[in-house]
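J.: Please find one structure pasted underneath; my questions will follow.
The values are calculated or read from the model by the stated rules, or taken from the named source; none is laboratory data. Everything numeric here is computed off the predicted structure, so don't read it as measured data. FYI the Cβ positions are ideal-geometry reconstructions off the backbone, even for glycines, and counts take in every protein chain you see.
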Amino acid sequence: YIGLAAATSMYFFFPIIINTFIMHRIYNGINGGKIFNGFIKILVAAVSSGICTYLVFIFLGEEQNLIIRTGVSGVVGVLLYSVLVVYVVKVREAIGLKEKVDRRIWS
């Protein structure tokens, strides 16, 4: 199953790279460096939260109900990804979304 997941990831990854290159040549205004920088930041946060989610799932052990293990590890993964994207790697779009939510809640 790992090969299938890798093939699916590559299937979606390569067209993004090719389309970014084509759009850069056509419009001359797309900053590929910013796009690549954001991609790397998101990739680091996703891999980190994925590893943590897997470790939490394994740590909960076989004696726990599968639904509970999946739910707890999923919540931990989402929370960790959110914290990483906003506070650690500081993705600009995520920070803007956080500021909008904060204004909505606290005003």
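J.: Does the stretch 39-53 contain any residue that is touching a residue at least 40 places away in the same chain (Cβ under 8 Å), of a type outside the set (Val, Ile, Thr), touching a helix residue (DSSP H, G or I) at 6+ places or on another chain (Cβ under 7 Å) and under 21 Å from SER82 (Cβ atoms)? Even if it seems obvious, please write down each step before you answer.
T.: Taking the stretch 39-53 and keeping what is touching a residue at least 40 places away in the same chain (Cβ under 8 Å), we get 41-42, 44-45.
Now drop any that are not of a type outside the set (Val, Ile, Thr), which leaves 41, 45.
Of the ones still in play, those that are also touching a helix residue (DSSP H, G or I) at 6+ places or on another chain (Cβ under 7 Å) are 45.
Now drop any that are not under 21 Å from SER82 (Cβ atoms), which leaves 45.
Yes, the stretch 39-53 contains a residue that is touching a residue at least 40 places away in the same chain (Cβ under 8 Å), of a type outside the set (Val, Ile, Thr), touching a helix residue (DSSP H, G or I) at 6+ places or on another chain (Cβ under 7 Å) and under 21 Å from SER82 (Cβ atoms).
J.: Can you tell me how many residues within the stretch 77-105 are modelled with pLDDT of 95 or more and in contact with a Gly (Cβ under 8 Å, 6 or more places away or on another chain)?
T.: Going through the stretch 77-105 one residue at a time, the tally reaches 1.
J.: How about the stretch 27-59: which of its residues are modelled with pLDDT under 85 and not polar (S, T, N, Q)? Spell out the reasoning first.
T.: Keep residues of the stretch 27-59 that are modelled with pLDDT under 85, which gives 27-36.
Scanning the stretch 27-59 gives TYR27, GLY29, ILE30, GLY32, GLY33, LYS34, ILE35, PHE36.
J.: Can you name every residue in the stretch 33-56 that is of a type in the set (A, V, I, L, M) and out of contact with any Gly (no Cβ under 9 Å at 6 or more places or on another chain)? Break it down stepwise before answering.
T.: Quick first cut of the stretch 33-56, residues of a type in the set (A, V, I, L, M) only: 35, 40, 42-47, 51, 55-56.
ILE35, ILE40, ILE42, LEU43, VAL44, ALA45, ALA46, VAL47, ILE51, LEU55, listed by residue number.
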